[in-house]
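So the structure is just underneath, and the comments pick up after that.
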Amino acid sequence: MTVEQAGRAALVTGGGRGIGAAIALRLARDGADVAVTYVRAPERAAEIVRQIEAVGRRGLAVAADAADPVAVTAAVDRAAAEFGRLDILVNNAGIAPYGPLEDVRPEEIDRTLAIHVRAAFVAAQAAARHLGPGGRIVNIGSSLAERVPYPGWTLYAMSKSALIGLTRGLARDLGPRGITANVVQPGSTDTEMNPADSPDAEYERGFTALGRYGRAEEVAAMVAHLAGPGGGYVTGASIAVDGGYAA
Ligand SMILES: NC(=O)c1ccc[n+]([C@@H]2O[C@H](COP(=O)([O-])OP(=O)(O)OC[C@H]3O[C@@H](n4cnc5c(N)ncnc54)[C@H](OP(=O)(O)O)[C@@H]3O)[C@@H](O)[C@H]2O)c1
């Protein structure tokens, strides 16, 4: 364990698996107590809590559907109450709606915007009541907010693009209190959402400069940097962790 985050507390939405789990574990290894939210996989969230506790930190799993703003706000308040403070919010929970433009239904648009955008907004609002100077908000966006090199991703790209504006606004609203807000934009990252051995993976790999998928830990490393002392003068920024996809 390092001391970068010693004595601090974090909440990672969707922290039970994938990129969120890597972020939660990295922050715990850096010394933070970490809460994670989940919606469908309580056993995965419980396993991450076990791993957080195994490195000597406090962990907490909270059921909170990101589509439900009341649940999201309650999860933020619960993490702050349980740990006695909140220093870091990572809005990571996400889905991957994909398909022909003509098939996208209004309900799917609403649900995607609720999970990716409204949840990040209300979680930041709730977190702002707990964060002090040195507080950090990191939103997990996507490289598809910068470039959309294949069809079928209009809804997803739109929702992730909204995080750029949200993040800039938060930087201005919270900067005077010494709180930063940034968006990290992963490219193709090997998770259950986007397995590196799927039939489409070779195609996606071809859009990167490095010719490979990223690992969740590589996204977590950037989040840890922004959430730690190294991120002190970075705010309102969109930072790619995409193997050169946007180059
Ligand atoms: N993998 C990539 O290539 C890639 C690229 C760019 C951006 N991203 C973004 O990175 C983030 C994490 O993606 P991932 O690849 O780690 O995906 P993943 O492996 O599918 O994990 C998704 C996580 O989000 C949670 N989640 C989904 N819907 C939720 C909801 N309604 N309420 C609360 N939690 C919810 C899941 O919780 P449960 O376990 O309970 O289901 C899970 O923890 C997402 O925002 C995604 O858009 C991923």
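Derivation of every value follows stated rules applied to the coordinates shown; laboratory data play no part. Remember, it's a predicted structure, so these values are computed and weren't measured experimentally. Here Cβ is always computed from backbone atoms with ideal geometry, including for glycine, and neighbour counts include all displayed protein chains.
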**Item:** Exposure proxy ranking, count of Cβ atoms within 10 Å, fewest first, for Phe121, Phe83
**Value:** Phe121, Phe83
**Item:** Peptide ranges 203-210, 92-99 listed from the most packed, as the mean C-beta count within 10 angstrom indicates
**Value:** 92-99, 203-210
**Message:** Give me the three principal axis extents of region 124-239 from the C-alpha atoms, as integers in angstrom, largest value leading.
**Reply:** 46, 27, 23
**Request:** Mind checking the full-extension length gain between Tyr98 and Arg147? Use 0.36 nm per residue of separation minus the Cα-Cα distance, one decimal, nm.
**Result:** 16.1 nm
**Item:** Inter-site label distance for Ala221 and Ala237 at 7 Å from Cα along Cβ, in nm
**Value:** 1.6
**Request:** Among Tyr156, Tyr150, rank each residue by its count of other Cβ atoms within 10 Å, from fewest to most, as a rough exposure measure.
**Result:** Tyr150, Tyr156
**Asked** Hey, fewest Cβ within 10 Å first, where do Thr37, Thr112, Thr73 land in order?
**Response** Thr73, Thr112, Thr37
**Complete:** With Cα coordinates, the longest principal axis of the chain makes an angle with the long axis of helix 216-227, in degrees rounded to 10, of 50
**Request:** Add +1 for every Lys or Arg and -1 for every Asp or Glu among the other residues with Cβ under 14 Å from the Cβ of Gly84, and state the total.
**Result:** +1
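Explain nothing, just the number: relative contact order of the chain, from Cα pairs under 8 Å at least 6 residues apart, as a whole percent.
Taking the mean separation of contacting Cα pairs over the length of the chain, I get 19 percent.
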**Folded to 0 to 90 degrees: helix 18-29 orientation relative to the chain principal axis, Cα** = 30
**Fill in**
Placing one equal point scatterer on each C-alpha of the chain and summing with Debye, one gets log10 I(q)/I(0) at q = 0.10, 0.15, 0.17 Å⁻¹ equal to -0.42, -0.99, -1.29
**Prompt:** Taking only Cα atoms, what is the 0 to 90° angle, nearest 10, from helix 119-128's long axis to the longest principal axis of the chain?
**Reply:** 20
